[in-house]
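Asks: I am attaching a structure below and will ask some questions about it afterwards.
The values are calculated or read from the model by the stated rules, or taken from the named source; none is laboratory data. The structure presented is a predicted model; accordingly, all values stated were derived computationally and were not measured. Cβ placement follows ideal geometry from the backbone for every residue including glycine, while neighbour counts extend to all protein chains displayed. Protein only, heavy atoms only, side chains kept; ligands, DNA and RNA dropped before computing areas. Shrake-Rupley method; radii C 1.70, N 1.55, O 1.52, S 1.80 Å.
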Amino acid sequence: MSIEHIQDILPEVEMPSRYLGNEINAVRKDPDKVRLRIALAFPDLYEIGTSHFGLQILYDILNQREDIAAERVYAPALDMEARLRERGLSLGSLETGWPVGRFDIVGFSLLYEMNYTGVLSIMSLGRIPLRQKDREATHPFVVAGGPCTCNPEPVADFFDAMVIGDGEEVILQMADAWLAWRRGRDRHREALLEAWSEIQGVYIPSFFDVAIDDRGFQQLRPRRQGYQRVSRAIVHRLEEAAFPTNPIVPYGRPVHDRLRLELSRGCTRGCRYCQAGMIYRPVRERSPAKVMDLCNAALTATGYEDLSLLSLSTGDYGCIIPLMEQLLRRYACDRVALSLPSLRAGTLTPELMTLIKSVRKTGFTIAPEAGSQRLRNVINKNISAEDIRATVQDAFAQGWQVIKLYFMIGLPTETQADLEALVDLVRQLRGLKGEGRRRPKINVSVATFIPKAHTPFQWSRQLSLEESRRKIDGIHDQLKLPGVHFKWQRPEISMLEGLWARGDRRLADLLLTAFESGCRFDGWSDHFKFDRWSASMAARGIDPQQAIYRERDPDEPLPWDHIDMKVSREFLRAELEKALEAETTEDCRDGACQNCGVCDFKRIQPQVYPRSTTRMPAVVDHGPPANPGALYKMVVTFAKTDTARFLGHLEMANTFKRALRRAGIALHYSQGYHPNPKMAFEDTLPLGMESLCERMIITLRTAMAPAEVMRRLRPQLPAGLSIIHCEPFRRLKDVASVVAYRIQIDGQHFSREVLEDYARRDHFHIQRRNRKGRLKKIDLKAMLKNIQRTRSDTLEVTLHQQMDALVRPDDLLRHLFKLDPDVVTHARVIKLSTHHCPRPAADDAENQD
């Protein structure tokens, strides 16, 4: 097959595209055919943001509408931010590169308080005025949603609107209001904010005037009649809520690189420290049939090999065991692994552990939170020490070798005896034995308790920095034991998280000061700059004792009093009183209603599917994958061009693995603890190099014609990866390769004199390291078969490659043309063709170690 023919079937080679934004299932719309453009922004790195499924839900909902285009934006890494500022460039979206500041709406997901500097980074790089009051008609509307908006005040000055509660229905109502405003006569920004304020769950910060009273507390005065409180938006039936069956499959290594399905939303356990358990009430489950339908569609659309079932407490899902049995029966043949990330000791039965073990044993996590039973009663963590010991013993007996334990220090009423109980509990668990009497490892993680808004402990004090350090050091000293690994969250990060969790609008100035001092990615320990935050706090006159550590009086106004999360203040106060008496509250899923205030028992009420009364969907049992009687090997030739050249080798292999799954091409798997699909690549292409002739060898479970393999696989690949040819595999023995390359460097002049000097030489020795890292002397004259300068900045070369003497184009540039490594990195290298030929009887004598 000629190079010209290959290029004829690769139109994308000549079409520039973007590396990110071309992921499988990403949506790119013609901007001329939409009326509203929304940027969905996540204030952290791509690897973190792509693991947030809430953003994917909104992305899917919005892009279902033909008149709306939703695109994604993530906070750039520090080096990329510096490059954008140095070149005066605006941050753009992944899908089209459209500048953030030119979208109609920019919506931020606020999941974690320590991401707030990322919000300012994206707005600044998008050339959007940071404060809402400074924006004009040409600027986008900036909105926010997510759990942090249950106390919106610390960042309220930066947003035009904030969504409180579930966003699935609100986001379309806000979009329709924008479209109506755009069609209307009154184009003032205030007119749209008025329309948005009428939507349940939408908070307009500028519709409240801020004053500080004589006691130093923030007081909000409504500017609009009837707009004193903002009630949380609630999706009443999760069964009917939108959920993407074709989620984006990210590149790289996202922190959660798997399909995630939300089993249920909300929790009724009533842990008094847990904000999510309060603000997402009531519990609403999806039916097993709905979960199976979503799973079938999403696995088909993504090619994922791992499935994670999400909820605040997955083990509480009414049909968790029969659902897992059905999933395992359906997907065992396809080698889909199943994980449950949020399980409680009380719900981890041996039956459930056996099901988990049958798929894959990874780390096992339990969150006792407190060491003593008294303190667990205080926080309403209704598990006993015996529950914890039994669960850990069962896990060890099932073969788990690593147990993770999570604890908090500084919980209300905590004493030294509670800390000693924590140490004693870890020591008891360490004494338990696993399979073969082996002693598994225990990872202990400790964090400082942070009081959060809308919880019974919202009035409680937080440990000072010095107290946190002292307690963590004390526990650490006592747990320096074989088999126990201790880690902790930095008290400085907990201190600042506590500041934002219960702060008011006076913190806006602090955020700006810290951002301007260079604070970024503050939730990352390697980026966190506490000295800059301390200096910023001092500059803004913030007293940690007053703003963070002190206990709040029950009668004092709280910054979030105007936000109605549906859980009543009376219930929270009653729960605090019970905590102080170490009294527990039963779970309303199994017991009586606790009158928290959320349910009206008309539209808003718990929705569960008990195992005893729920009919499970019929599933075809595919059984475990059978050992094939014959193996069918194929060689797939493909091109890797344009922005696909930035895919690393492992990243590319993962892309092909999932593409083959989506194509319905069943691969043979290896044996062992972690079976892997039988696929291999002839060459590991260096990052940044393009190729028109890469070869992948795959082993199929069943016979399939080469033409059918190509037909199925071609539409499943992202831009830049294209199938050229497929044929049955034939083993070649004792072969070497002759590889042709084109090398082009913009602005570089390849000297004719250098080429003429090289042609006159009998030998041209270079040194490079072989596969074992040892220096090897190679005669370039024996390896370089041809070199031509086709243009002043372009070379075409042919290299003779052998396993023990491998020369790459960058070797020519560095050794023959003496180019600086920085110049070499800008070379555009295309591997044009590869020809296999018999290996010479004896290698050149001079190409020796």
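Asks: Would you please list the contacts, defined by Cβ atoms under 7 Å and residues six or more apart or on different chains, that run from a residue in region 402-421 that is farther than 22 Å from Trp459 by Cβ to a residue that is among the aromatic types (Phe, Trp, Tyr) and open to solvent by less than 50 Å² (accessible area, probe 1.4 Å)?
Replies: Here the result reads Val402/Phe364; Ile403/Phe364; Lys404/Phe364, each pair linking region 402-421 to a residue that is among the aromatic types (Phe, Trp, Tyr) and open to solvent by less than 50 Å² (accessible area, probe 1.4 Å).
Asks: Same structure, new question: Just name the residue that is nearest to the chain's Cα centre (by Cα) out of those in region 80-114 that are open to solvent by less than 20 Å² (accessible area, probe 1.4 Å) and among the aromatic types (Phe, Trp, Tyr).
Replies: Selected residue: Phe108.
Asks: Looking at Ala337 and the list (1) on the phi > 0 side of the Ramachandran plot; (2) touching a strand residue (DSSP E or B) at 6+ places or on another chain (Cβ under 8 Å); (3) open to solvent by less than 30 Å² (accessible area, probe 1.4 Å), which single condition is not satisfied?
Replies: (1)
Asks: Moving on to the next point. How about region 533-550: which of its residues are over 14 Å from Pro451 (Cβ atoms) and in contact with a Lys or Arg (Cβ under 9 Å, 6 or more places away or on another chain)?
Replies: Residues satisfying the conditions are Arg540, Ile542.
Asks: Which condition number in (1) out of contact with any strand residue (DSSP E or B) (no Cβ under 6 Å at 6 or more places or on another chain); (2) open to solvent by 40 Å² or more (accessible area, probe 1.4 Å) is the one that Arg714 fails?
Replies: Failing condition for Arg714: (1).
Asks: When region 461-477 is examined, which residues are found to be under 15 Å from Leu499 (Cβ atoms) and either in a loop (DSSP other than H, G, I, E, B) or open to solvent by 10 Å² or more (accessible area, probe 1.4 Å) (or both)?
Replies: Arg461, Gln462, Leu463, Ser464, Leu465
Asks: Kindly list the number of the only condition in (1) within 21 Å of Tyr112 (Cα to Cα); (2) surrounded by fewer than 22 Cβ atoms within 10 Å (Cβ to Cβ) that fails for Phe449.
Replies: (2)
Asks: Any idea which residue in region 757-769 is farthest from Arg791 (Cα to Cα), counting only those that are over 51 Å from the mean Cα position of the chain (by Cα) and open to solvent by 100 Å² or more (accessible area, probe 1.4 Å)?
Replies: Looking at the filtered set, the residue picked out is Asp762.
Asks: While we're looking at this one, here's another question. Are there helices (runs of 4 or more DSSP H) fully within region 316-415 with at least 1 residues that are at pLDDT below 95 and in contact with a Ser or Thr (Cβ under 9 Å, 6 or more places away or on another chain)? List them.
Replies: 320-331, 350-359, 385-397
Asks: Just one of Gln489, Gln478 is within 30 Å of the chain's Cα centre (by Cα) and of a type in the set (S, T, N, Q); which is it?
Replies: Gln489
Asks: Moving to a separate point now. List the residue pairs whose Cβ atoms are under 6 Å apart, where the first residue sits in region 62-85 and is in contact (Cβ under 8 Å) with a residue 24 or more places away in the chain, the second is among the aromatic types (Phe, Trp, Tyr), and the two are 6 or more positions apart or on different chains.
Replies: Ala70/Tyr59; Tyr74/Phe42; Tyr74/Tyr46
Asks: Among (1) assigned to a helix (DSSP H, G or I); (2) open to solvent by 60 Å² or more (accessible area, probe 1.4 Å), which single condition is Ser612 missing?
Replies: Result: Ser612 fails condition (1) only.
Asks: Among the residues of region 579-592 satisfying the criterion of being over 36 Å from the mean Cα position of the chain (by Cα) and without any contact (Cβ under 8 Å) to a residue 40 or more places away in the chain, which is surrounded by the fewest Cβ atoms within 10 Å (Cβ to Cβ)?
Replies: Residues of region 579-592 that are over 36 Å from the mean Cα position of the chain (by Cα), as a first pass: 580-583, 591-592.
Going one step further and asking which of them are without any contact (Cβ under 8 Å) to a residue 40 or more places away in the chain, we end up with 581, 591-592.
Details: Glu581: 9, Gly591: 10, Ala592: 7.
Checking each candidate, the answer is Ala592.
Asks: May I pose another question? Looking at the structure I just gave you, is Val423 in a strand (DSSP E or B) and open to solvent by less than 40 Å² (accessible area, probe 1.4 Å)?
Replies: No.
Asks: What's the total number of residues in region 386-409 that are of a type outside the set (Val, Ile, Thr), open to solvent by 10 Å² or more (accessible area, probe 1.4 Å) and in contact with a strand residue (DSSP E or B) (Cβ under 8 Å, 6 or more places away or on another chain)?
Replies: Result for region 386-409: 4.
Asks: Are any residues in region 276-315 polar (S, T, N, Q) and assigned to a helix (DSSP H, G or I), and if so, which ones?
Replies: Residues of region 276-315 polar (S, T, N, Q): 287, 296, 300, 302, 308, 311, 313-314.
Selection gives Asn296, Thr300, Thr302, Thr314.
Asks: Search region 87-111 for residues being aromatic (Phe, Trp, Tyr) and not in a strand (DSSP E or B), and hand back the single one that is modelled with the highest pLDDT.
Replies: Restricting to residues being aromatic (Phe, Trp, Tyr) and not in a strand (DSSP E or B), the top hit is Phe103.
Asks: List pairs: first residue in region 666-692 and over 27 Å from Arg645 (Cα atoms), second residue at pLDDT below 90 and part of a strand (DSSP E or B) anywhere in the structure, Cβ distance under 6 angstrom, at least six positions apart or on different chains.
Replies: Sorted first by the residue in region 666-692, then by its partner, the pairs are Pro675/Tyr669.
Asks: Also, I was wondering about something else. Considering only region 53-79, state which residues are assigned to a loop (DSSP other than H, G, I, E, B), out of contact with any Pro (no Cβ under 8 Å at 6 or more places or on another chain) and crowded, with 19+ Cβ neighbours inside 10 Å. First the steps, then the outcome.
Replies: To start, the set of residues in region 53-79 that are assigned to a loop (DSSP other than H, G, I, E, B) comprises 64-67, 75-77.
Narrowing further to those that are out of contact with any Pro (no Cβ under 8 Å at 6 or more places or on another chain): 64-67, 76-77.
Passing the criteria: only Pro76.
Asks: Which numbered condition in (1) part of a helix (DSSP H, G or I); (2) surrounded by 16 or more Cβ atoms within 10 Å (Cβ to Cβ) is the only one that Arg573 fails?
Replies: (2)
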